[in-house]
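**Q** The structure under discussion is supplied below as structure tokens; questions concerning it will follow.
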């Protein structure tokens, strides 16, 4: 029997949820670990968010770029407050759902390709742990340089991430050890979303500790200006040097 069909599984999951279907997806890691993924989180409002997401939206100023917008929950909140927001996602289905829900400016663009938008931004929001979209130490430099290229003076990045090492689960500690044995950071993670027989292509995420983040920034145009944490979860505010 053939394996899953490669396609826009994340977008399909959001589309099904938006259309009212009672659906669950799966997040699969490249070592075989699978976890159930409930898409309802992408349709929540600020009253249901955690304190770090609310804080990030409060700190957003000027023209905001919502990176990895999903179904548009943060963009919709900022729009309702009268903010100028542009939303991007690599998933065509996610972009369609965000537009259907009322996000006015949505583009299917990769983080590394934000210069194609031809605009300047005052705030870059990378919520939902989307600071991990930096992917790897090498890719992080390209992504951070791309954001700097479209940054207005005094721009800021407000990014969520999770310290992957705050765990004693052997499934995770063994994964970290395997990464390090192959010359990677422990929190580099390759995952994909699945729904039904549809699977996304594998995506690289970089879950990193606060110290690792500071190390990554030393050769980038950005520096850490503030950090708020809640257990292993944290919100980093980066400013241009």
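Read-outs: derived from the displayed coordinates by stated rules, not from any lab. The model shown is predicted, which means the values in this text are computed figures rather than measured ones. Counting neighbours? That spans all protein chains shown, and the Cβs are built from the backbone with ideal geometry, glycine included.
**Q** I'd like to compare 205-217, 19-31: which one has the highest average count of other Cβ atoms within 10 Å, and what's the full order after that?
**A** Details: 205-217: 18.5, 19-31: 13.8.
Result, highest mean first: 205-217, 19-31.
**Q** With a cut-off of 8 Å between alpha carbons and a minimum separation of six or more residues, what is the relative contact order of the range 5-240 in percent? Mind showing how you got there, number by number?
**A** Numbers: 478 pairs, mean separation 53.0, N = 236.
It comes to 22 percent, rounded to a whole number.
**Q** On a C-alpha basis, how far is the centre of the range 66-110 from the centre of the range 1-33 in Å? Whole number, if you could?
**A** 20 Å
**Q** What is the spin-label model distance, in nm, from residue 117 to residue 99 if the labels are put 7 Å beyond Cα along the C-beta direction?
**A** Computed distance between label sites residue 117 and residue 99 equals 1.7 nm.
**Q** Extending each Cα 7 Å along its Cβ direction at residue 54 and residue 21, get the distance between those two points in nm, one decimal.
**A** In this crude label model, residue 54 to residue 21 measures out at 3.4 nm.
**Q** How far apart, in nm, are the 7 Å Cα→Cβ label points at residue 35 and residue 139?
**A** 1.8 nm
**Q** In percent, how large is the relative contact order of the range 12-146, given Cα pairs closer than 8 Å and 6 or more residues apart? Write out the running numbers ahead of the final one.
**A** On the way: 193 pairs, mean separation 29.4, N = 135.
Once normalised by length, the contact order is 22 percent.
**Q** If you don't mind, there's one more thing I want to ask. Rounded to the nearest 500 deg cm²/dmol, what is the calculated helix-only ellipticity per residue at 222 nm for the chain, with -39500 (n - 2.57) per DSSP H run of length n ≥ 4?
**A** Details: 7 runs with 69 residues, N = 241.
Value at 222 nm, helices only: -8500 deg cm²/dmol.
**Q** Of the beta bridges DSSP finds with both residues in the chain, what % are antiparallel, to the nearest 5? Numbers along the way, then the final one.
**A** Values: 29 of 47 bridges.
Close to 60 percent.
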